[in-house]
Every structure is written in C-alpha cells, then in structure tokens.
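Novice: Please find one structure pasted underneath; my questions will follow.
The values are calculated or read from the model by the stated rules, or taken from the named source; none is laboratory data. Keep in mind it's a predicted model, so treat the numbers as computed, not measured. No Cβ is skipped: glycine too gets one built from the backbone with ideal geometry, and neighbour counts run over all protein chains shown.
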Amino acid sequence: MAGFLDLYDSSFDDVYRYVYFKVGNKWDTDDLVSDIFSKAVQKWSTVRGDRRAWLFTVSRNTVTDFYRRRGREVPTAAVTENSSAAATDLAEQSLALECLREALGTLSQEQRELVSLRYFAGLRHNQIARTLEVSEGSIKMRVHRLLGQIKELVEKCLIE
Amino acid sequence: MSDRVNKDHSQVEEHLNALKLGMPMNGELKRELRSRFQSEPKSAKRKIWPMVAVAAMLALVIGSTSLGGLDNQSVLAAELQIVEQFSFIDLITGQYGPPAVHGEQLYLPVYDKGIYRFDTTSVVAGEGLTPVLDHRNANQVAVNHAGDKLAYMTSKGVYILDLNTGETRPAIEGDDFTIYYEDPVWSPDDQSLLVTRREIEWQVHGHKLMSLEIQQIDLATGKARKLAEGSSPSITSDGGLIVFERDGNVIVKALRSQSFWPWDGLRKGAEQTLYRGRFPRVSPDGTLIAFVGTKGEMRLFDNDIQVRENVMDVYVVNLKDPSDQKQITANYPFSFTDEREWAKNAAQGSVLNVNGYYSYYNPVWGSDSQSLYVLKSDHSGAGMRLMRISLAKEGLDQQALVAKWLSASVNRDTDAARGLMLHPQDFSATSNPHPVGYTLVGSGQENGLDYVDALQYVAYTAQPWYQVRELRFFLAQAGSGYLIDEVRQTADWQLYLQNGALYLEHTNELQRLLSLSKANLQEQELGAISLSPSTGTVYVSLRGERGMTIHQLQNGELSYLFAVGGEDAVISSLSEANGFLAINYTYSTELGRQSRGMLFSLADRMPVQIMGRADLAYWADDELVLYTERDGQVVRWQYHPQSALFKLWP
C-alpha cells in the first residue's frame, strides 16, 4: 500500500486536472477522481509494469464511461470560465494563452487526448504509448506535429 | 532551424503548462481520499501537551459576580451550540482580508480589487456582491456601530469611507516605508479608532521589527495615544478593557481600574495574560472573546524521534470566566508523510512537524454576537475562504441538527459535518457514489437514546445506480443542545443495471424492473437513474439519437417525460422529492463544457422556471439547494418549489 500512496501523492494533481479538462466542472471531477482512485486501490496488487501509465488508463476509461457512448466527442472543459484566480490572472496577462485555449477547442478528440495526457497528465511518451496502445515512436511524431499545429493556430489567432 | 523549431515548441509547451497550473485542484479531496486509503497508524507513546494554557487566572481575586458596565447576564461559552457552519463561501475570486459585519451587511476586502458589500438577506441569486470601494490595496475593514462609516487599511495608513457619500478621509497615515498602521477597530462611541502601529527598520536582507503598539486615534483631533504594546486590538462594549495579541498570547488590559469579578484585581494600565492564541476579538455585547488557538500533541518513537502535532482551531471564551471556553472548529492533523515509515529511517532526535489541515485567521463577530466569520485556508493552495459559524446558547433541535449534518454531507462540507458530531471522524463526503439529497422521516427513542430517522439519496455520477438509505442518527446531549453520537444504516433500496436489466434490491429481495432488450432499448444507454422514496416510482435517463431523455418507469413500461440539453448532454444525477425531479447535467457550449441544475415538475410535466442560473441542485428535505457560479462567485441559495420562494444562506 505504501507504493500506492506514493503513486497517489505524485499523480493526484495530474489525474485531477486531466479529468477536469475533460469534464469541465468541479463537482463531477471530484466524483470521477474519487472513483478512479477507488478502482485503482482495489486493483493495485494485481498491477504490473508502469503503474502511472496504468493509472491514466483507468482515468481515461472512467471518463469515457462518464460519456458512455463510444466514439462520442469528449469535449474540452471550460478552462477559461472555471479556472482559478491564477489562471484568470494569466489570461489577463497573456493573449497567447487565450489563443491557446481557442486552438485546443479546434483540435480533434484524438489530438486533445494527446495534449491532455502529455501536458495535463504529465505522462512521458512511452507512458502515453502504453495508455493508448500505440508505439512510442508514433506518439513522439504525433506530439511533435501537434505542437507545430497548435503553434500555427496560436500565431494565426494572435495576428487576427 | 531545428533549434528554432524546438524553441517555438517550448513556448507552446510553456503555455500548456501555464494552462495546466491554472486549472483548479481540490486539495481537500486529495487529503480525504488519502486518509481513506491510508492504513490506521499503530499506537505510539502519546503525550498530551497542555492545550491552551490558562495563565495567571488564579491571581485574580474573587469578588462580585458581575463585570461592571458589561451585560450582567452570564453567558457560558461552553454551553454555546454551533447551530450552523459552512465554509465554502467563495464569494469572489481573489485573496480575501478579514470581513467586517454590520447587521446583515458583510464588507469584504479583496486584494487587488477593492472592498465589496454582501447583503446576506438578498434574495437575488448570484447578485449578492456590490463594489463599495475600488482600491486595489484596501485591506482590513471595520464598520462603525452606526453602520455609516467604514475604516480600512492600506499600506499608507488607515482611512475612513463615508458609506453614504462615498467620501474618504485619512484617520492616520504612516510613511509607507517604515511606519504602518493596521487592524482598525472602532471604539464603542465611534469617536476613535484603535489601530496597530508597526515600525520596522530596513536591513540589507529584509527588515527588522522595531515596535508594535496599539494606539487610539481621536477622529476629531487626529491625535494618537499609545494603549499597549501588541497588535490585533479589540475593545469591550463599555470601553473598560482592551484585548489584544502579544508574542502569541491573548492579553487583557484595563483602560480603567476594574471593580468587578473576575477583573477586580486589575488596576488601570494593568495587563493579564489569558491564553496562548492569536487574533482575539471581543463580541459586540462584550461577553465573549473569540481567538485562534493551537492544540499541541507529541508522539515519541525510539531513538528520541518525535512527531509534533500543532493543530489550529477557533475558540470562544467567556470574558467573565476565562476558564469557560469552547472549541468551535474541528480541524485535524494533516501530513502526506507516513510517520511510522518516516520514523523507521529518521536519524536520532529527528522531529517531524505536523500541522492542521486548515489554518484560521481573524475571527470577526456578527452584530448579534451569535455568529462568527472566520477566514481559513487549507493545503490545496486555493487561497482564503470565508466560513460562517452561528452560535446560540440554545442548540439546534434534534431534527435541525441531523438536517444540517445531511446537508453538509451532500454539499461536501466535511468541516461543517464534523463540527456536528460528538466524536468527529475524518470522513469523506466526496465519493462515488455520493449523497444527492435527503428527507427527514421521523424521530423517537431506542433503549433510552434519542434518534432521528432520515432517508439519504445516493447516486453514482452519470451511471445507472441509485440508492435510498434509511439512516438512524443517535443523538447525545451536549450542553443545552445535541450532537450526533452515531449514525446507523437501518435499511436500503438499491437500484442498478446488471446484464441489460434494471433491478431494485431491498432486504435481500431482488425485483427486475426493466429489460432493455424487451423494451427495444438495445441502441440506447442507460444514464443516471432515481427512485422516489414516497411513490416507489423509478426515473431513468437514456442516451439515444434524441440526446438525453428522461422517462418514468411504471409496471415495466417507460413513459417519456422530457429531453435535457443538447445531443451531447450528460446527466450527472437525478433525484426526486415532493413531486419534483432535480437534475444535474453538463453540456457543451462555445465556451466549453458547462454544468447546470434544473427542476422538473412531475405534476405539470414541465420544467420549472427558476430565477437565475443554477449550476448544481440537490434536495435538502423539501427544499432545493442550488449553487450559482458567476464571475468567480459561488452563491448557495435555496428554493421551495411549492411556494416558489428563494432565500440565501440555507
């Protein structure tokens, strides 16, 4: 159990933000995160390999369950509306952040998932690869392309 | 070129990280869940430190039983009951200072924004806050007894705002470099202000405190006179005593010689140390002092390894009998370190310091001397939050007490729920499944013990699972009121989906209510469901081509009621009470994912138009509690469907 608590301590914030990004409100996020860790603790003794990657597989499946219908578009959270004072301040300071939010809203479901796992969940490329069940090389390439796409979208937004 | 690409990408990555850090994080949930997963600590040798040292009271001479000039009716602090406590008044985004209260008006300084007034009786949901002063550095406010002037502090000095005219004038000013004035408090006659004068000396690294003294500023002449050395002054309603803080102690000082017990040994200018504590504040009626104290405990392990626990709480003490006190918050120790594991590897003589989950600051009395407003922060980094605690000599009646507990568990306010328990336990109100409403159903006695029965409704977020729990709350007499001694589940009805069918389970009886295949619902998915405890009717939500639809289930047949949101709406929970269905759902907008609470009248078969916008709704007995969020404000209000009446502060 000590190992589980270590993972819990190091991953809670990332799991919370990963779910929040997908669900968009505190109340449902609280419930789903509680659910994710309850599932994780029950299965903890049977888990082998990269446990952080496994935890985010549990997180991903739990959020998908929330939306239930396979293939349903999992929307981007209202980060602008519901974020904390810190985010509000940042938004005021940086037009680039506003543009970044807009850019995220235009991405495909798969691309948003990639952003979410890489930057909000803080997973490494190989962990994302395990979670999405694709090769690490493919993930690296997709992330690289995606960053380029986001950069272009942000630049376009800044010019406008 | 490659470097340039990486650099450009690193900027995008930096912004993504900034976006991530700006997202909310629930530190309270983190702590609650962790404690649930953590195994029980093994016992260690325990040594209890003195909680709050009562100092030198024995030196006082016993005399008359009343205190000159103050209310002669003795109020026993220990008998005060906490009749209401809630701690999530996120009124406005920003860093709060301590509020000031006059009647139903609450003045709240918000750093970098200004001072706001909040009308606690307002019935306009989401419109409780009114800007009073646009001054980004205004902090620490005090409203006079007449309610027409507001003293506030800035880095330059203490100023007075005329609330009728909007005019501001200085009461006293420092130099904004080495001399500062803070902690303004009005004298009983409103003719002067008590302030703390802080003098510092700048040094190569930081500054050194040169003096800290309490001064009285005559508002007519502007003259200042020193009253004591210390800070956080407060004054009794007769002006005879001041109470303040010095070196972590709460101290009483006589401004004139006292002739009544227990202060009759206190000559003019004499001081008496009362407690270890901070931020003392005398109630407007002069009978009680509220302050923030710290309870210490030490656990000893082998090799002189120590765990030192220091947990901050708010206390109320009887000014006429300072040994009479009551702890009115229920903080608890908090650490992410497993102390047993830590102790195994710690060097000899190591000390692990553990503090409380919450930190409390600046208790402020309501005008009626029966409520306290307290600032608190926690480990989540969410900033200051304002908590209101209502006290009364007569406690809540039994049913009201249980209703408060159930309400606190539904709205996830564990701090408030713990305050209503005889043996506060560290429990989590946030979980899946989680409570979404309750109804009180009766009361009585069992083996000589008073109890209250209630039904608690429990749902699983967006999933076809619902439970009605019958709970029996055993109550214990505490002072003149009650506290919850034990909660026991006596029965339950569980509604769930299994193998394509909806079942109702009760006391080992299993009833199949609906087969999805027989009802030709294979292409649809069952979402949140609900069971009416009064009629036994089941309500189900379905996801299909028409989006989210809600149906009533009777005799194995579904009848359509209405559709919710757009195609991508997700219903988080349904709960029925009193002929109305409360629905929480989320849906997509141009601004992203939004959440809503709504009400549906089963009699009229149509949604009920509720004033304002609600983001979350749950049942508190026969009333609907709604949360509204707007521009960073979260306001909780209450709606009575039968009468269509609203009120704040449930």
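Novice: Give the residue that is modelled with the lowest pLDDT, with candidates limited to residues of region B:93-112 that are buried (at least 19 other Cβ atoms within 10 Å of the Cβ) and assigned to a loop (DSSP other than H, G, I, E, B).
Specialist: Per the criteria, the residue is B:Thr93.
Novice: If you check B:Ala429, B:Ala459, B:Ala417, B:Ala392, which single one turns out to be at pLDDT below 80, touching a Ser or Thr at 6+ places or on another chain (Cβ under 6 Å) and of a type in the set (A, V, I, L, M)?
Specialist: B:Ala429
Novice: Next question, about the same structure. Of the conditions (1) surrounded by 15 or more Cβ atoms within 10 Å (Cβ to Cβ); (2) at pLDDT below 85; (3) over 27 Å from the mean Cα position of the chain (by Cα), B:Leu616 fails just one. Which one is it?
Specialist: Just one mismatch for B:Leu616, condition (3).
Novice: Name every residue in region A:142-154 that is of a type in the set (D, E, K, R) and without any contact (Cβ under 8 Å) to a residue 12 or more places away in the chain, in order of residue number.
Specialist: Those that are of a type in the set (D, E, K, R) and without any contact (Cβ under 8 Å) to a residue 12 or more places away in the chain: A:Arg145, A:Lys151, A:Glu152.
Novice: Taking A:Lys26 as meeting all but one of (1) more than 18 Å from B:Arg31 (Cβ to Cβ); (2) in contact with a helix residue (DSSP H, G or I) (Cβ under 8 Å, 6 or more places away or on another chain); (3) modelled with pLDDT under 85, write down the number of the exception.
Specialist: (1) is the only condition that A:Lys26 fails.
Novice: So, in region B:7-37, of the ones that are under 13 Å from B:Tyr357 (Cβ atoms) and more than 7 Å from chain A (Cβ to nearest Cβ), which residue ends up surrounded by the fewest Cβ atoms within 10 Å (Cβ to Cβ)?
Specialist: The residue in question is B:Ser35.
Novice: Which condition number does A:Leu153 fail, the rest of (1) touching a Phe, Trp or Tyr at 6+ places or on another chain (Cβ under 9 Å); (2) surrounded by fewer than 20 Cβ atoms within 10 Å (Cβ to Cβ) being met?
Specialist: Checking A:Leu153 against (1) touching a Phe, Trp or Tyr at 6+ places or on another chain (Cβ under 9 Å); (2) surrounded by fewer than 20 Cβ atoms within 10 Å (Cβ to Cβ), the one that fails is (1).
Novice: Additional query: Does B:Leu514 count as more than 21 Å from A:Asp31 (Cβ to Cβ), among the aliphatic types (A, V, I, L, M) and more than 35 Å from the chain's Cα centre (by Cα)?
Specialist: Here the answer is yes, as B:Leu514 does meet what is asked.
Novice: Here's something else I'd like to know. Scan region A:10-20 and tell me whether some residue there is buried (at least 23 other Cβ atoms within 10 Å of the Cβ), of a type in the set (A, V, I, L, M, F, W, C) and over 17 Å from A:Ser116 (Cα atoms).
Specialist: No, the conditions are met nowhere in region A:10-20.
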